[in-house]
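Participant: For reference, the structure I am asking about is given below.
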Amino acid sequence: MAKKVIEIKDLVKTYVLSEEVSVQAIKGVSFDFHEGDFVSIMGASGSGKSTFMNILGFLDTPTSGIYLLDGIDGSTLDDDQKAEIRNRKIGFVFQGFNLLPRTSAMENVELPMFYKGGFQAAELNKRAKELLDMVGLSGRYDHHPNKLSGGEQQRVAIARSLINDPSIILADEPTGNLDSKNTDEVMNLFTRLNKESGISIIIVTHEPDVAQYTDRKVVFKDGKIIDDSMIKKIKKAAKKIK
């Protein structure tokens, strides 16, 4: 059986708004995620999916319950240790791309490896170029974000998420700012990365068509998981990005 990357048991997250008012955003959720899994997280606004994603990324702390990432208990870590784990084990992809506007595609991809430290410039350049080639952006190494389409910018963001060889990619509405053509390109890229390279991916999305690219769908409602099931993939082969 594949290695367990994430193990969550009886997770609760409560936000205390005042002495009299508190909101329970996550209500006793349990969840397992294995190496090579490709999962979509769905649910209406306020369902708890964004809070859950923030906890997965060590961006928020659960009130109670167990969360293990590669066997590491997040409750035992201080803020600096969590930041180090995020940089080493988690690749993030966001709806808004989050690229530095005055920085080239290659330099944007290099950033997490640069912050990690200990690498020569030639090594950084080589690794960034390899990843940009992988996502179909050969020849665009020196292009700034304003010279790239939305789909190309998201592919730069995906390359950046891979630079430190993370255990998992967390993608929060990665196609939310893209048209249907660029959505297909990005989701086909995620599919290739998962199936050909074995990269573990969790995607938060409100779009059923996007979820259909994944193998498993987890649906949140009122802070609870109401559906966790394998889904039939769309009958569309992952296309090679040109």
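The values are calculated or read from the model by the stated rules, or taken from the named source; none is laboratory data. Predicted, not measured: the structure shown is a model, and the values here were computed from it. Reconstructed Cβ throughout: ideal geometry from the backbone, glycine too, with neighbour counts over all protein chains shown.
Participant: I need a count of the residues in region 50-86 that are at positive phi and among the charged types (D, E, K, R). Before you say what the answer is, go through the steps one by one.
Facilitator: Keep residues of region 50-86 that are at positive phi, which gives 58, 65, 70-71.
Retained after the next criterion (residues that are among the charged types (D, E, K, R)): 70.
Final tally of qualifying residues: 1.
Participant: Take the conditions under 27 Å from residue 87 (Cα atoms), within 19 Å of the chain's Cα centre (by Cα) and surrounded by fewer than 16 Cβ atoms within 10 Å (Cβ to Cβ) and apply them to residue 195. Does it pass?
Facilitator: Working: under 27 Å from residue 87 (Cα atoms): yes; within 19 Å of the chain's Cα centre (by Cα): yes; surrounded by fewer than 16 Cβ atoms within 10 Å (Cβ to Cβ): yes.
Yes.
Participant: Okay, next question. Does residue 72 count as among the hydrophobic types (A, V, I, L, M, F, W, C) and in contact with a Phe, Trp or Tyr (Cβ under 7 Å, 6 or more places away or on another chain)?
Facilitator: Numbers: among the hydrophobic types (A, V, I, L, M, F, W, C): yes; in contact with a Phe, Trp or Tyr (Cβ under 7 Å, 6 or more places away or on another chain): no.
Criteria not met by residue 72.
Participant: Residues that are in a strand (DSSP E or B), surrounded by fewer than 19 Cβ atoms within 10 Å (Cβ to Cβ) and at pLDDT 95 or above: does region 46-64 have at least one? Reasoning before the result, please.
Facilitator: Step one: filter region 46-64 for residues in a strand (DSSP E or B), giving 64.
From what is left, the residues that are surrounded by fewer than 19 Cβ atoms within 10 Å (Cβ to Cβ) are 64.
From what's left, at pLDDT 95 or above: 64.
Yes, region 46-64 has at least one match.
Participant: Take the residues in region 218-242 that are modelled with pLDDT of 60 or more and among the aliphatic types (A, V, I, L, M); name whichever of them is surrounded by the fewest Cβ atoms within 10 Å (Cβ to Cβ).
Facilitator: Narrowing region 218-242 to residues modelled with pLDDT of 60 or more: 218-233.
Filter again for among the aliphatic types (A, V, I, L, M), leaving 218-219, 225-226, 230-231.
Values: 218: 23, 219: 18, 225: 21, 226: 11, 230: 9, 231: 16.
The selected residue is 230.
Participant: Which members of region 101-127 meet the condition of being in a loop (DSSP other than H, G, I, E, B) and either in contact with a Leu (Cβ under 9 Å, 6 or more places away or on another chain) or over 19 Å from residue 81 (Cα atoms) (or both)?
Facilitator: 101, 102, 103, 104, 119, 120 - these are the residues of region 101-127 that are in a loop (DSSP other than H, G, I, E, B) and either in contact with a Leu (Cβ under 9 Å, 6 or more places away or on another chain) or over 19 Å from residue 81 (Cα atoms) (or both).
Participant: Oh, and also: If you take the residues in region 146-167 that are out of contact with any Pro (no Cβ under 8 Å at 6 or more places or on another chain) and basic (Lys, Arg), which one is nearest to residue 117 (Cα to Cα)?
Facilitator: For region 146-167, the residue satisfying everything is 155.
Participant: Only one of (1) in a loop (DSSP other than H, G, I, E, B); (2) crowded, with 16+ Cβ neighbours inside 10 Å; (3) out of contact with any Gly (no Cβ under 9 Å at 6 or more places or on another chain) is not met by residue 19, so which one is it?
Facilitator: (2)
Participant: Scan region 19-31 and tell me whether some residue there is closer than 24 Å to residue 88 by Cβ and either basic (Lys, Arg) or within 19 Å of the chain's Cα centre (by Cα) (or both).
Facilitator: Of the residues in region 19-31, the ones closer than 24 Å to residue 88 by Cβ are 31.
From the residues that got through so far, the ones that are either basic (Lys, Arg) or within 19 Å of the chain's Cα centre (by Cα) (or both) too are 31.
Yes.
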